[in-house]
Amino acid sequence: MQHTQPPTKQELLARIEKLYNAVNSRYSDWGAAFIVDKVNQYYFMGTMQDGVFILTSSGDYAYCVRNSHERATIESPLDNVYPMSGYKDAADIVGADVGVALIESEVMPCAMLERLSKYFNISDTAPIDAIVRTVRAVKSAYELAIMEESGRHHQTLMQTVIPRLLREGMSETDLTAELFRETIKMGYHGVSRFSMFQTPCALGQFGFGENSLYPTNFDGAGGMKGMSAAVPLIGDRARTLKKGDLVFVDIAYGINGYHTDCTQMYMFGAEPNEQTLRLHRQCLQIELNMAAKLKPGAIPSVLYNEAMDALDDEFKANFMGFGERRVRYIGHGIGLYIDEYPIITNGFDEPLEENMVVALEPKHGLAGVGLLGVEDTYVVTPQGGRCLTGGERDIVVV
């Protein structure tokens with residue numbers, strides 16, 4: 001059954017209270033927080049409009065909406081949803097004297113801050129980005145239920161749907177198009193969202209053979225040649241599938257805004273050789289070892305460094321990428337965005353908490369073959385990571 005129930009009033013109020021408490025624990029002197037990121041608006045208000053969610057130091061909130069106030073009142077179960085034609089209306093609603101304004105510094109354009117400053121008396125600004133990410137990192141029962149359903153669909157997609165789509169002569173773009181059609185039929189919400197600035201994505205990354213090692217601006221282990229230099233996404237029209245190709249599929253799936261993340265390798269028309277299988281299985285073992293340690297209190301940087309220290313220099317040379325193109329993480333939080341807190345990397349020292357959700361993705365590049373490895377989505381529990389996407393798998397021969 002597709003999970004389509006919107007968040008309740010109690011769910012949203014609990015999130016706002018959690019944000020308020022988190023801000024107070026970080027800042028002793030602040031006046032108001034301004035949330036303009038649409039996904040964050042959805043998280044706190046249950047709708048995403050052309051507007052601004054404002055939380056004041058007194059604990060009051062207001063959602064001021066330019067377009068569409070009507071839709072916002074239909075979708076959000078909360079009160080304090082107001083129409084506005086400009087930020088002057090918002091200032092009249094919550095009060096113009098702000099002092100220190102907390103802003104999403106990685107999202108809010110300078111021009112927007114300038115417009116806010118015309119009507120709000122802002123003495124200084126401070127970032128709220130990390131606070132919001134921390135609040136969103138621990139998932140509620142409502143959120144977990146949606147992500148569990150997404151994970152079940154995702155498992156079916158990777159294990160059943162994709163193998164029957166692969167055929168000799170199809171292009172990478174053919175696979176993307178056909179896979180998108182199948183995901184929509186299954187209930188996919190139609191978009192893969194990243195919080196990283198200017199990171200468009202169509203389902204995920206696809207690669208036949210060495211195309212999965214192609215240089216990319218995307219902060220991930222895999223590569224994608226894409227349609228062109230102007231659209232380095234979706235796949236390569238010219239690269240067609242032939243026997244003996246390794247097929248790299250790293251895609252998100254999502255329901256009602258919430259994502260899971262999963263990667264699967266397929267070998268088309270041939271068995272993988274011993275080296276390919278050995279390197280892939282080493283990635284599987286890394287995932288298993290790390291998943292067992294996804295417990296409350298575990299330190300992400302410790303998990304990362306333990307995993308890296310266990311690898312020999314030869315394996316490290318192409319671990320989490322290929323050659324000089326390697327990323328410095330092995331896992332990441334996931335939810336309304338695909339890239340959320342926590343990050344399994346050196347320097348991320350905040351301990352894991354129960355019901356955080358983490359995608360683990362140990363991967364390894366192999367010249368002449370492509371990117372090997374795995375990715376699955378796990379819930380942090382006292383017993384270790386509970387997998388939502390089916391768990392580690394060998395290369396599937398098609």
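Dipole check for region 1-141: with +1 at the C-beta of Lys and Arg, -1 at the C-beta of Asp and Glu, and the Cα centre as origin, the magnitude is about 340 Debye. Dipole of region 214-321 computed with +1 at Lys/Arg Cβ and -1 at Asp/Glu Cβ about the Cα centre; of T263, G235, L294, farthest Cα towards the positive end is G235.
Antiparallel beta bridges, as assigned by DSSP with both residues in the chain, represent about 75 percent of the total such bridges. Show which lysines lie in cross-link reach of K139 when reach means a straight Cα distance below 28 angstrom and same-chain residues fewer than eight apart are skipped. Within the straight-line limit of under 28 Å, K139 reaches these lysines: K9, K18, K38, K185, K293, K295, K363. Over all pairs of different C-alpha atoms in region 219-376, the reciprocal of the mean inverse distance, the Kirkwood hydrodynamic radius, equals 16.6 Å.
Work from the charge dipole of region 28-179 (Cβ charges, +1 for Lys and Arg, -1 for Asp and Glu, about the Cα centre) and give the residue of N40, H153, F120 farthest towards its positive end. Towards the positive end, the residue furthest out is H153. Rounded, prolate or oblate: pick one for region 250-303, where a ≥ b ≥ c are the square roots of the eigenvalues of its C-alpha gyration tensor, a/c under 1.5 means rounded, and failing that, prolate if a/b is larger than b/c, else oblate. In terms of gyration-tensor shape, oblate. Taking the Cα centre of region 229-305 as reference, the dipole from Cβ charges on Lys and Arg (+1) and Asp and Glu (-1) amounts to some 40 debye. Taking amide H atoms as placed 1.01 Å from N in the peptide plane, the amide H of H259 lies under 5 Å from those of G335, L336, each 5 or more residues away in sequence or on another chain.
Can you give the helix-only mean residue ellipticity at 222 nm for the chain, where every DSSP H stretch with n ≥ 4 adds -39500 (n - 2.57) and the sum goes over all residues, rounded to the nearest 500 deg cm²/dmol?
Using -39500 (n - 2.57) per qualifying helix, the result is -9500 deg cm²/dmol.
In straight-distance terms, cross-link reach from K242 covers every one of the aspartates and glutamates whose alpha-carbon lies under 18 Å from its own, apart from those fewer than eight places away in the same chain; here that gives E168, E172, D174, E178, E210, E271. Compared with the alpha-carbon gap, the fully stretched path from A229 to T199 is longer by 9.3 nm at 0.36 nm per residue. Only protein atoms count toward the accessible area here, which uses a 1.4 Å probe; on the chain, the carbon and sulfur part of that area reaches 50 percent. The amide H of G51, built 1.01 Å from its N in the peptide plane, has R66 as neighbours under 5 Å, considering only residues 5 or more places off or on other chains.
GNM remark for the chain: springs join alpha carbons under 10 Å apart, and the peak mean-square fluctuation among Q285, Q275, Q159 falls on Q275.
When the square roots of the Cα gyration tensor eigenvalues are ordered a ≥ b ≥ c, the ratio a/c for region 24-129 is 1.5 or more and a/b exceeds b/c, which makes its shape prolate. Taking 0.36 nm per residue of separation and subtracting the current Cα-Cα distance, fully stretching the chain between K316 and E182 would add 44.6 nm.
I234 sits with roughly 50 Å² accessible to a 1.4 Å probe, with DNA, RNA and ligands left out of the calculation.
Ordering Y258, Y337 by accessible surface, largest first, gives Y337, Y258; the 1.4 Å probe counts only protein heavy atoms, with every chain in place. Any idea what log10 I(q)/I(0) is at q = 0.16, 0.17, 0.27, 0.28 Å⁻¹ for region 93-167, Debye with uniform C-alpha scatterers and no solvent? Scattering profile of region 93-167, log10 relative to I(0): -0.75, -0.78, -1.17, -1.21.
With R₀ fixed at 25 Å, the C-beta to C-beta distance from D124 to N24 puts the FRET efficiency at about 0.90. Residues in the chain average 42 Å² of solvent-accessible surface per residue, probe 1.4 Å, ligands and nucleic acids excluded.
Would you kindly give the portion of the calculated P(r) for region 168-216 that falls above 13 Å, as a percent of all Cα pairs?
Numbers: 772 of 1176 pairs.
Roughly 66 percent, once rounded to a whole number.
Based on C-alpha pairs under 8 angstrom that are at least 6 apart in sequence, region 348-398 has a relative contact order of 30 percent. Of the residues G187, M320, Y142, the one whose Cα sits farthest towards the positive end of the charge dipole of the chain is G187 (charges of +1 on Lys and Arg Cβ, -1 on Asp and Glu Cβ, taken about the Cα centre). Expressed in Å, the radius of gyration and Dmax of the Cα atoms of the chain are 22.2, 69.
Within the listed set Y61, Y188, Y341, the residue fluctuating most in the Gaussian network model of the chain (springs between alpha-carbon atoms under 10 angstrom) is Y61. Just check region 57-118 against the gyration tensor rule for me: Cα atoms, a ≥ b ≥ c as the square roots of the eigenvalues, rounded for a/c under 1.5, and otherwise prolate or oblate depending on whether a/b exceeds b/c. It comes out prolate by the Cα gyration axes.
By the rule of a C-alpha distance below 17 Å, with chain neighbours fewer than 8 residues away ignored, the lysines paired with K118 are K88.
Placing unit charges on the Cβ atoms only, positive for Lys and Arg and negative for Asp and Glu, gives the chain a dipole magnitude near 740 debye about its Cα centre.
The values are calculated or read from the model by the stated rules, or taken from the named source; none is laboratory data. The shown structure was predicted, so the numbers you read here are calculated from the model rather than taken from an experiment. Quick reminder, even Gly has a Cβ in these numbers, built from the backbone with ideal geometry, and neighbours come from all protein chains shown. For accessibility, only protein heavy atoms count, side chains too; no ligands or nucleic acids. Shrake-Rupley method; radii C 1.70, N 1.55, O 1.52, S 1.80 Å.
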